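Read-outs throughout are calculated quantities, based only on the coordinates presented, and are distinct from any laboratory measurement. Keep in mind that this is a model prediction, so the values were computed, not measured. Neighbour counts run over all protein chains shown; Cβ positions are idealised from the backbone, glycine included.
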Amino acid sequence: MDVLIPSDDSEPAMKAVEHTVREYPDAALTLLHVIDPSIGAYGEGGVYAYDSLLEVRREAVDELLENAAEIAADHDGSVERETVVGSPGNEIVAVAESKDVDHIVVGSHGRSGASRVLLGSVAERVVRRASVPVMIVR
């Protein structure tokens, strides 16, 4: 069984990692982070420094995915890590299809405030568009 776990730095995403490792101990697990270039692209001179902005985000993602991998290791699991750039809901579904996963486990929502509403809608979009079962972890 192959399971995709979209991950950000939110508590529900980390709980999704824990849940997946416990429930699917023998599965091949892929942690996915999607860098959304539209968030913050206009701040910090983003239009002019797009490539460097993406590079800074990729470096931050390395740490985030390392933290999630450590959670998996604490439960005797191991994970493959992948980072893509694009619209989170669309990219999660596309990666699930390209990797031919059997299941997606996603946190119920992301960060707080306005981002929480946006990232909560990502989980909803994945549920509506994915061709495989999706579990949402609170």
Residue-count net charge about ALA27 - beta-carbon cut-off 12 Å; Lys, Arg +1, Asp, Glu -1: -4
Calculate the spin-label point distance for ASP9 paired with THR83, positioning each point 7 Å from the Cα along the beta-carbon direction, and give it in nanometres. 1.3
5 angstrom amide H check on HIS103, placed H, neighbours 5+ away: ASP2, LEU4
In nm, give the distance between the simple-model label positions of ARG138 and GLU23, each being 7 Å from the Cα along the Cα-to-Cβ direction. 1.4
